[in-house]
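The values are calculated or read from the model by the stated rules, or taken from the named source; none is laboratory data. Bear in mind that the values here come from a model prediction, so they are computed numbers and not experimental data. Glycine gets a Cβ as well: all are built from the backbone with ideal geometry, and neighbour counts include every protein chain shown.
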Amino acid sequence: MPKIALNLSSEQLEALSRMFPDEPVEDALLRIVNDFLSGKASRPEPRADDKSLRALLDVLNAYTGKIDELSRRVSQVIEALEEISSRLQNLEEQVRSVAQQPRQVERKELRRSALDILKEQGVMFESDIASKIKNRDAFFERLRRGGAVVIELAKERVAVDPEFFARFKDKVAKLASSSEDVLSRDLEKGELRLLKALSSSGLAYFDSTKRRWVIEL
């Protein structure tokens, strides 16, 4: 059989070894020539190990892509949740602030209105507000703190505007009679009612010897 010498590069030898790992180079070359001449020349089937490795790499690449996508979406969800949490916290603070303001304004308005009404009326009897004010102890205490004169009568309390009370005492001190006609003539309606309430509670009386009224407060 004639012999043919071929000069192959190292790359070509390495390629032949990969294509026919179980055959010597000479047999591999002879096989290629025979296959070519018979029309069966084709690329050898890859080994099972190569197929398994390639399939495993394909699966890993697919899952790696999915994991990257999932990680990106999780990051977006976390960022969105943090934004929502921040907005909810700001909203909660705003709601709390708005909820507190009306109560503060309402309390201030109640205190101011009660003192304004007392200033207009001059005197405020507990019996007149019993059906309107539930916690009358707190109500009269607020009036007291606001500067009103609060007097404990025998059966009720009465709040008096300080300016009204000063004028009332001056007018009563000038009265020289306990006559109903004189009192009704010289005193206003609120003043007369207050004098009678003080008198019935033992806090005011008419001294017939000195001919003048005495208020013991």
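Here E216 fulfils each of the conditions (1) over 16 Å from L118 (Cβ atoms); (2) modelled with pLDDT of 95 or more; (3) of a type in the set (D, E, K, R) apart from (2).
Scan region 131-150 for residues that are out of contact with any Asp or Glu (no Cβ under 8 Å at 6 or more places or on another chain) and buried (at least 19 other Cβ atoms within 10 Å of the Cβ) and the total you get is 2. Scanning region 107-131 for residues that are among the charged types (D, E, K, R) and at pLDDT below 90 yields R107, K108, E109, R111, R112. Taking region 156-173 as the range and being free of Cβ contacts under 8 Å to residues at least 24 places away in the same chain and more than 16 Å from E120 (Cβ to Cβ) as the test, the residues that pass are A166, D170, K171.
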